[in-house]
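Heads up: the structure comes next, in structure tokens.
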Amino acid sequence: MLQQNQALEEANRTAETLLHASAQFASMMEQDQVVDTMFLQMRLLVEYDIAAVYTLESPEWIALRATWQEGRSQAAEPGSVVGINPQEFPALLRVIDQQKSHSIADTLQQARPFHHLEANSPRGWLGIPLAAGGKVIGLCEIGRFQPTAFSQDQVRLAEGIASQAAVALQNAQRYEQVRESRAQLKTLTRKIVEVQERERRWVAVELHENLVQKIAAILMKIRYLGDKLDQNESVCPGFDDIDRELSFVFEDLRKMAINLRPVILDTSGLSAAIRSELARLRDNHHLRTDFSESGRLKRIPKEMEITLYRIVQEALANVTQHARAAQVGVSLVQTENRAIMLIEDDGVGFSLNKLDQSTCLGLIGMRERAEMIGGTLAVESSPGEGTMIRVSVPLPESGAAEG
């Protein structure tokens, strides 16, 4: 009876350990966390002195990702992962090829070399495949420094932990791949935006310094000639038409240059550029506008100024195209370590769950711009309640170079 109770208690402890391990693995997205947890949970069920985890990179290469010894785990340093050819170590190769655990009671009886860490090689050894989705993605080995025959129960328990860890490890690998891809995409997008801004600045300067100035000079000459010929009624109307049409062209080119890259952004900074944009909105669309700023009121890095200005441009364009607003306001707050910008309108608003394509793409573009400089963008809106866009970006530490 006593033995039955002890066996039942042991079975309950084992079940609790497996359930606890499952819950832990389910919440993990980092490979190192998964491996550490596997070492700890496996040792609660099977005693060992040394352990290691490998990931299968190719049929000719497995990578040593982490080891466990003397009560602690050690992950391989990035850029210094040890690569091993399993073809040179039959015990490792057998576990991978057969996708089955393999136990050796005394490795000294095996052909040499048995282990890539020959000086620290275990005597009793157990290799367990790490398989997920019917595919081996690596293997785990545990060992004792004394000859040890791992029992079938111990093998089964180790496999129970390893099977859960393998799924978590595969998920962590996929998450890491997605994260790396997102980082690469963000870097590429940032470079594209930088090139666009350089091109915009060049075109804006060319328009303003070259074409606009030439048209201005032509207008002056036409008006001068018009004054000289104002007595000739048959000629003057023609000059008036040319004057008017060139004035329209001049104004269109001037606006184009400002939209491409407002000079005031480079010379006077973000606040002045936002005020200028709101003034243009007020004049062209007859909206009531408001701008406020508070905090440290210093120039922020040029890249951030450009990004925040482009977000304001896009947001105000959305107001004029979709919001049917009567009033729009922009506020800029600078703390020691953050810049926070709010863009609010009293327009018709919209449901965040039912966005049309143009609005959706505009918000995505603004959010991506904010994320490129390490910031966040949040939108609050509902039908009939207007819209608020909140942008928050980190500022460099005090004393850092400012744009």
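Just so you know, all these numbers are worked out from the coordinates, no wet-lab data involved. Bear in mind that the values here come from a model prediction, so they are computed numbers and not experimental data. Note that each Cβ is placed from the backbone with ideal geometry, even for glycine, and that neighbours are counted across all protein chains shown.
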Task: Cβ-Cβ FRET estimate between Ala216 and Ala26, R0 fixed at 60 Å, reported to 0.05 - done: 0.30
TODO: Check the straight Cα-Cα distances from Lys100 and name the lysines below 20 Å, setting aside those fewer than 8 residues away within the same chain.
DONE: Lys135
Open item on the list: Students often forget the sequence filter, so: which lysines lie under 28 Å Cα-Cα from Lys302 once same-chain residues fewer than 8 apart are removed?
Closed with: Lys186, Lys191, Lys255
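How do Trp61, Trp68 line up, fewest other C-beta atoms within 10 Å first?
Trp61, Trp68
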TODO: State, to one decimal in nm, how far the label point of Ser181 lies from the label point of Arg296, with both points 7 Å from Cα in the Cβ direction.
DONE: 3.8
Open item on the list: What's the ranking of 177-187, 123-133 by average number of surrounding C-beta atoms within 10 Å, highest first?
Closed with: 123-133, 177-187
